[in-house]
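Structure record follows, encoded as structure tokens.
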Amino acid sequence: MQDLYKERTAYEGEHLLESNAPADPFMLFDAWLADAFVAKERGVLPEPTAMVITTSVDDQPSARTVLLKSVSNGGFTFFTNYNSRKGSELSRNRQVALLFGWYPLHRQVRAEGTAELVPRTESEAYFATRPRDSQLGAWASEQSSTVGSLEELTRAYAAADRRFHDVPVPCPEDWGGYRITPTMIEFWQGQPSRMHDRLLYRRAGLGWSRSRLAP
Ligand SMILES: Cc1cc2nc3c(=O)[nH]c(=O)nc-3n(C[C@H](O)[C@H](O)[C@H](O)COP(=O)(O)O)c2cc1C
């Protein structure tokens, strides 16, 4: 086992300054996401769109990674199975937290807000763009339920393959997107001596207020 006490990273990066930061956090998010894609091209950041989303019921939070599929209408969209654990938790509590960990860039973005279902037409439109094997996987997997064995899952996939062998795979009723509309977004840029930059945007009326947090 490594000595975890000794594991250290020297954080650094261009300062995140109020004078350079746009008034709209989505503009800053777009710029940072673009930087993450450049880092992917350079082979240093594998999943630029990966984000951790937490849900919470009865005071018990749960977290998992999903993939960001659009940033539009003032929100972050991902797709999943509506009957999954996250789906059932979101039906009881729409308040969520999101986290993008762009560690090779020494950056993190956090957001908190409210989840809502995206319109069915949008889910169907995205589903139609997915590769056929992913589409079949959505039919074969009752996400988050217990399966008897790997073979059972493999049989369910083969059954979906047979069922839709000569037709386009339709979007399952229980599969679709959520859009998270944030009430806050925090941008973290690592700096030397643990004196990191943190800019917090909070919704204020139709716009956003901005403040700097201690690292
Ligand atoms: C890199 C990565 C990307 C993932 N993307 C998604 C996704 O977009 N949608 C999804 O439902 N699950 C995705 N997953 C799987 C989830 O993390 C999780 O295992 C699954 O959604 C079930 O979560 P739940 O039981 O809390 O509902 C991804 C996992 C990883 C590691």
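Throughout, read-outs are computed from the coordinates displayed, never taken from laboratory work. Being a predicted model, the structure only gives us computed values, none of them experimental. Heads up, the Cβs are rebuilt from the backbone with ideal geometry, glycines too, and the neighbour counts pull from every protein chain shown.
Tell me, Ser149, Ser56 in order of fewest to most beta-carbon neighbours within 10 Å?
Ser149, Ser56
Could you list the residues of segment 180-215 with an amide nitrogen less than 14 Å from a label point located 7 Å from the Cα of Asn20 in the Cα-to-C-beta direction?
188-192, 197-199
Quick one: order Lys6, Lys86, Lys40 by neighbouring beta-carbon count within 10 Å, fewest to most.
Lowest count first: Lys6, Lys40, Lys86.
Could you give the dipole magnitude of segment 163-213 about its Cα centre, charging the beta-carbon of Lys and Arg +1 and that of Asp and Glu -1, in debye to the nearest 20?
Its charge dipole is roughly 520 debye.
Could you name the lysines whose alpha carbon sits less than 18 Å from that of Lys86, not counting residues in the same chain fewer than 8 places away?
Within the straight-line limit of under 18 Å, Lys86 reaches these lysines: Lys69.
Based on DSSP H runs of at least 4 residues, each adding -39500 (n - 2.57), what is the mean residue ellipticity at 222 nm of the chain after dividing by all its residues, to the nearest 500 deg cm²/dmol?
So the calculated ellipticity at 222 nm is -8500 deg cm²/dmol.
Show me 7-19, 63-75 ranked by packing, highest mean number of other Cβ atoms within 10 Å first.
Result, highest mean first: 63-75, 7-19.
Fewest first, what order do His165, His196, His106 take by the number of other Cβ atoms within 10 Å?
Arranged by neighbour count, lowest to highest, His165, His196, His106 become His165, His106, His196.
Applying the Karplus parametrisation 6.51 cos²θ - 1.76 cosθ + 1.60 with θ = phi - 60° to the phi angles of segment 106-122, what ³J(HN,Hα) value in whole Hz is obtained for each residue in order, glycine and proline being reported as x?
6, 9, 9, 10, 10, 9, 10, x, 10, 9, 9, 5, 7, x, 3, 4, 5
What is segment 61-129 by shape, rounded, prolate or oblate, if you read a ≥ b ≥ c off the alpha carbon gyration tensor as root eigenvalues and call it rounded for a/c under 1.5, prolate for a/b larger than b/c, and oblate otherwise?
It is oblate, given that a/c is not under 1.5 and a/b is not larger than b/c.
List the residues of segment 143-163 whose backbone N lies under 14 Å from a point placed 7 Å from the Cα of Arg64 along the Cα-to-Cβ direction.
143-147
Picking from Ser144, Thr114, Ala156, whose Cα lies most toward the positive end of the charge dipole for the chain (charges on Cβ: Lys, Arg +1; Asp, Glu -1)?
Positive-end residue among those listed: Thr114.
Kindly list the residues of segment 74-89 that lie in the label zone of Glu142, defined by a backbone N under 13 Å from the point 7 Å along the Cα-to-C-beta vector.
Correct set: 83-85.
In terms of modelled amide H atoms, which long-range or inter-chain residues lie less than 5 Å from the amide H of Thr183?
The list, which skips near neighbours in sequence, is Glu112, Gly113, Thr114.
Compute, for segment 61-111, the length of the dipole vector about the Cα centre, with Cβ point charges of +1 (Lys, Arg) and -1 (Asp, Glu) only. Units Debye, rounded to 20.
60
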